[in-house]
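Structure, as structure tokens:
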Amino acid sequence: MNAAGFPILSLITFLPLAGAVLIATLSGAEAAVARNARWIALWTSLIVLALGIYLWISFDPSQAGFQFVEDHAWFTGVAVQYHLGVDGISLLLILLTVFLTPIAILSSWPITTRVKEFMIAFLLLETMTVGMFAALDFVLFYIFFEAVLLPMYLIIGVWGGPRRIFAAVKFFLFTLAGSVLMLLALVWMWRNAGTTDIPTLLHTPIPPNVQIWLFVAFLASFGVKAAVWPLHTWLPDAYGEAPLPGTIMLAAVLSKMGAYGFLRFTVPMLPQASAAAEPLMFTLGVVAVIYVSLVALAQTDMKRLIAYSSVAHMGIIIIGIFTFTVEGIEGALFQMLSHGIVIAGLFICSGILLARGETLVLGRLGGLAARMPAYAILLMLFALGSMGLPGTSGFVGEILVLVGALQVNFWVSLLAATGMVLGAAYMLVMLRAVLFDKTTRPELDRLKDLRPAEWAMLVPLAVMVMWLGIYPSSFTHVFDAPVTAMVQSHVAALAQPVALAMVTK
Amino acid sequence: MIPASTIFQILIPEFVLGIGGMALLIFGVLSKENKFTACITGAVLLLLVTAAFVFATPASVLFGGLFQTSDFTRYADLLILLGAAAALILAIDYNQRQDIARFEYPVLVLFATLGMLVMVSAGDLMTLYLGLELQSLSLYICAALARDELRSTEAGLKYFVLGALASGLLVYGISLVYGFGGTTNFAALAQVLISSQAAGYGTVIGLVFVLVGLAFKLSAAPFHMWTPDVYEGAPTPVTALFGTAPKVAAMALLLSVMLGPFGHLLSQWQMLIEILSVVSMLLGALAAIGQTNIKRLMAYSSIGHMGYALIGLAAGTQAGVQATLVYLAIYVVMSFGTFACIIAMRRQGAQVETIADLAGLSTQRPGYALALAVLMWSMAGIPPLSGFFGKLYVFSAAINAGLTTLAVIGVLTSVVGAFYYLRVVKVMYFDAGNPNFDKTAGGVRFVMAVGAIATALLVFIPGPLIAAAQAAARALMG
């Protein structure tokens, strides 16, 4: 049943929670508590990372089904199980989460106010996120999906920028409104299938006329989380105001929760509605890519520019998912990983400037290539990754999505490619403004190059950008089997008359 | 014929409360000085002893159907005793500081609790009324306990006048049902009203009056008018009592009346319950937004929560009853936890009650702020806290019974409701301020911690509660 021989998924999920409890028991002088809290959080996340790597090594990529399954009775009487498991899709997203969490915790070193509470919230966030990706019961999934809001709300609201309260409340209410609609859809599907077990739900046919409503509910929920245009308006505020580690987790991991929801629920469970909504999703994706890229071009603040670039990339991911081709979906998944790593690198680069007391207003920066060469090289690498230059991680995902889209609709492919050109434009604008403009201010001359902690954050990310770009198959082979199976079952579901599907279920 | 020893065994909980309450009364009257602390400790102990006896009570029907016990009454009794005990513990410190430490208070609470147990166990409209009046009369006095304070006396008077009106309506309804149905016994009524045809207009009108009377006790909108003023005016431990035990008793009574004697008339009253539920949820969500006083906020919040709990009754199924019972249990725990937090809001000896007073609490008292945050989030229905599971159960019961619209409205109002619960968290965590609250008494801290911890950890061990609610629902629905 369980290849690892011990409940590894539960361990990965709840170890951060144990770390949080341990931090909560700290007491004493404030400075000592802060130092201990930081180190406990870092070590917990590193142990979780090691467990994650072990999970990856012992994972069998040839199987399409769920592995490392744990299944226990939980809410008796209503058939809700504590059911965990991973397939290739969720495995990589869990890896992304456990890889980025230690880096984000490192990036929180400069935070000096209420460090203990911050680390508790952050470890809770990791628990919720990993649990969500590993959940194989819809109710369990929903609990983790919603519970992410609680630590994130506090992280933005307590440690954020000047407009943090507005951003935190907007973030909370937007996502909550979306998710409760999903709760209704959940209850309906529960009634329809008599269970909330996700593997069972994946094979339970749903009448097409109902599928449309369920699709709308899922779109409201996952669309807000994934910041699909036009549901993205909470995003620039939240990304802009959140403290750096919060922004990293929001952009790199939390936005993937929405995309994961589309892949796990919408596409396989609602095949007819997904197919019917394909033009809509393509439109939303293309608008996101082109319109939001233009908005990004108009930004004067580095952090907000990066935030908008994130929305544009989510557009690419949405297009990829809704091509229903193996290439498109694999491209979307790859783009999810790549975007997660690249956006974390970019936000850390912006955070490094902030930590040196520097502004992020593009017009007041400049010439950092000469003053901070190592920083400039790494920022350049992440920016190139974001643009999708061949050899970096961004290229593989985008080209796969474009190939997938080309098989379905030439114009979508063309417009998405246009968006990539715009992506190159705003990234280059940012690079020029930050690295090359001949702005001279005495403050800029005093900037020092990277410190050891910053190297420790950026180098792993840079290595991953190159690894994903140069040897992508070490990641794609993990999700080949589940994606192929998903596309096959999608095609089969569409080909089969619905009435027959109901009978043969 | 049931032997007297068995009758005694079944009635032990009620005997303990009644005789114990009178003994405390005599003890208090005969003592030279005010024995508040001794009386309140004795009362808490009596409640615990009663709870232990309730566990051991066998299921039975006594006195020709006047009084009944089952898994259902046991579940409701235990919740009532829990709520009353928590409210008493909260009163120990508060009443002394507010100079209302009279020994009558615990005695009155004991009698009110006795009334509630009788309500829950009622198998006849007459016992129902007796229990209800015993409860109500005791609570009217409790509301006016701070008799030198204008707000408290106003609350007591308002509660009394409106409560008397509701009791009148209830009695009128009972007399109509008796006149047209020919009996007041639940089981006999169920036989008479076996079909909608058998029930004349008179019975249905009587049913509506009974429903209105009980909805008043439950403070379900549009019969909620007394709630905000009474919640705000009454001393806070009394408000904590109002927010817990009587709500359980009224809801349990509503469940057993509606699904017992009037169970066959589901099609007649289902719409009424739906309306009560929708109006309560809407009012609870919308009217609370503008509140600045946290006790008033809790009043509207309780109206909203009763709306959600009524969804289970509207479904009219066993799953629905189970959902309502689960919701009630979760609500009681959240509620006394929250009131403990409110009682702890005391600055330089004076009670403060506005939400703004909480600003900056999270820096000075992290544990306290976290407890209140957990409770507020749970009331908003955010997983993994217990409030979410209550909502999940009622919504799923509603959808399974085909009441999709009700579930959709419930979900939408819970988003609106989240806004004001969130505001409390926002004020505590994000706003700068210096609450400088006094040191909190041990009993209050204990109740606060129990409420918050139970709310946060239900997700890990939900089994016993769910199973108990299921057994209770099965006992009620047969």
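The table that follows gives values for the structure above.
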| quantity | calculated |
| --- | --- |
| Unit charges at the beta carbon, dipole of the protein assembly as shown: most positive-side option, B:103, B:65, B:137 | B:103 |
| Separation of alpha-carbon centers, the stretch A:236-290 and the stretch A:45-115, rounded to whole Å | 20 |
| Directionally averaged projected area (convex hull, Cα atoms, the stretch B:17-91), nm² | 5.7 |
| Distance cut-off 22 Å, percentage of C-alpha pairs in the stretch B:239-370 lying past it | 45 |
| Å³ per residue enclosed by the Cα convex hull of the stretch A:409-461 | 102 |
| Value in Å of the Kirkwood radius, where the stretch A:24-126 supplies the Cα pairs that are averaged | 15.8 |
| Value of relative contact order over the stretch A:234-359, rounded to a whole percent, pairs C-alpha under 8 Å and six or more apart | 31 |
| Cα-based Rg and Dmax for the stretch A:161-292, where Dmax is the largest Cα-Cα distance (Å) | 15.9, 49 |
| For the stretch A:117-166: span of alpha carbons on each principal axis (Å, largest first) | 39, 21, 12 |
| Cα principal axis extents for the protein assembly as shown, largest first, Å | 92, 70, 49 |
| Environment charge at residue B:376 (Cβ cut-off 12 Å; Lys +1, Arg +1, Asp -1, Glu -1) | +2 |
| Distance between the stretch B:260-299 and the stretch B:322-391 - C-alpha centres, whole angstrom | 21 |
| Alpha-carbon centroid distance for the pair the stretch B:1-74 / the stretch A:364-426, whole angstrom | 76 |
| Largest-first principal axis extents of the Cα set of the stretch A:435-475 (Å) | 47, 24, 8 |
| Solvent-accessible area per residue, Å², over the stretch A:20-152 with all protein chains present [probe radius 1.4 Å] | 31 |
| Helix-only CD estimate at 222 nm, as mean residue ellipticity for chain B, using -39500 (n - 2.57) per DSSP H run (n ≥ 4) | -25500 deg cm²/dmol |
| Built amide H within the under 5 Å cut-off of residue B:431, gap 5+ | B:360 |
| Net charge, residue A:426 excluded, C-beta distance under 12 Å - Lys, Arg +1, Asp, Glu -1 | +2 |
| For B:389-399, mean number of other protein chain Cβ atoms within 10 Å | 4 |
| Within straight-line cross-link reach of residue B:295, aspartates and glutamates at Cα separation under 17 Å, skipping those fewer than 8 residues along the same chain | B:149, B:154, B:229, B:232, B:353, B:357 |
| DSSP-loop chymotrypsin sites (Phe, Trp or Tyr not before Pro) across the stretch B:276-346, with at most 13 other Cβ within 10 angstrom | none |
| Translational D in µm²/s for chain B (Stokes-Einstein at 20 °C, 1.002 mPa s, Kirkwood Rh from C-alpha pairs) | 96 |
| Backbone HN-Hα couplings from phi across the stretch A:342-353 [Karplus 6.51/-1.76/1.60, Hz, Gly and Pro as x] | 5, 5, 4, x, 5, 5, 5, 4, 5, x, 4, 5 |
| Under 5 Å, built H, 5+ apart or other chain: amide partners of residue B:60 | B:69, B:70 |
| Residue B:32 paired with residue A:370, simple spin-label distance in nm, labels 7 Å along Cα-to-beta-carbon | 9.5 |
| Per-residue ³J(HN,Hα) for the stretch B:390-397, Karplus 6.51 cos²θ - 1.76 cosθ + 1.60, θ = phi - 60°, Hz, x for Gly and Pro | x, 5, 4, 5, 5, 5, 5, 4 |
| Total accessible area lost when B and A pair, probe 1.4 Å, Å² to nearest 100 | 3200 |
| Total formal charge among the other residues, if their Cβ is under 11 angstrom from that of residue A:403, Lys/Arg +1 and Asp/Glu -1 | -3 |
| Helical contribution to [θ] at 222 nm, DSSP H n ≥ 4, -39,500 (n - 2.57), averaged over chain A, rounded to 500 | -24000 deg cm²/dmol |
| Residue pairs, from the table B:158/B:247; B:391/B:439; A:256/A:448, whose Cα atoms sit over 25 Å apart | B:391/B:439; A:256/A:448 |
| Table column - 3J(HN,Hα) (Hz), the stretch A:460-466, Karplus curve with 6.51, -1.76, 1.60, x for Gly and Pro | x, 5, 5, 4, 5, 4, 5 |
| Estimated D of the stretch B:70-212 in µm² per second, where Rh is the Kirkwood radius over Cα pairs and Stokes-Einstein applies at 20 °C, 1.002 mPa s | 126 |
| Quotient of Cα Rg and 2.2 N^0.38 Å for the stretch A:388-505, N being how many residues it contains | 1.65 |
| For the stretch B:324-387, projected area of the alpha-carbon convex hull averaged over all directions, nm² | 4.8 |
| For the stretch A:289-384, alpha-carbon Rg over 2.2 N^0.38 Å | 1.22 |
| Alpha-carbon Debye profile of the stretch B:369-412, log10 I(q)/I(0) at 0.19, 0.24, 0.29 Å⁻¹ | -0.57, -0.76, -0.92 |
| The stretch B:234-278: projected area of the alpha-carbon convex hull, averaged over directions, in nm² | 3.8 |
| Whichever lysines have a C-alpha closer than 21 Å to that of residue A:116, once near sequence neighbours (fewer than 8 apart) are set aside | B:426 |
| Pair-distance profile P(r), taking every C-alpha pair of the stretch A:302-444, with 5 angstrom steps and integer % | 2, 11, 20, 22, 16, 11, 8, 6, 3, 1, 0 |
| Reduced Cα scattering model of chain A, Debye log10 I(q)/I(0), q = 0.11 Å⁻¹ | -0.88 |
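The values are calculated or read from the model by the stated rules, or taken from the named source; none is laboratory data. Note that this is a predicted model, so its numbers are computed, not measured. Reconstructed Cβ throughout: ideal geometry from the backbone, glycine too, with neighbour counts over all protein chains shown. When the accessible area is computed, the model is the full protein with side chains, heavy atoms only, and any ligands, DNA or RNA have been set aside. Shrake-Rupley method; radii C 1.70, N 1.55, O 1.52, S 1.80 Å.
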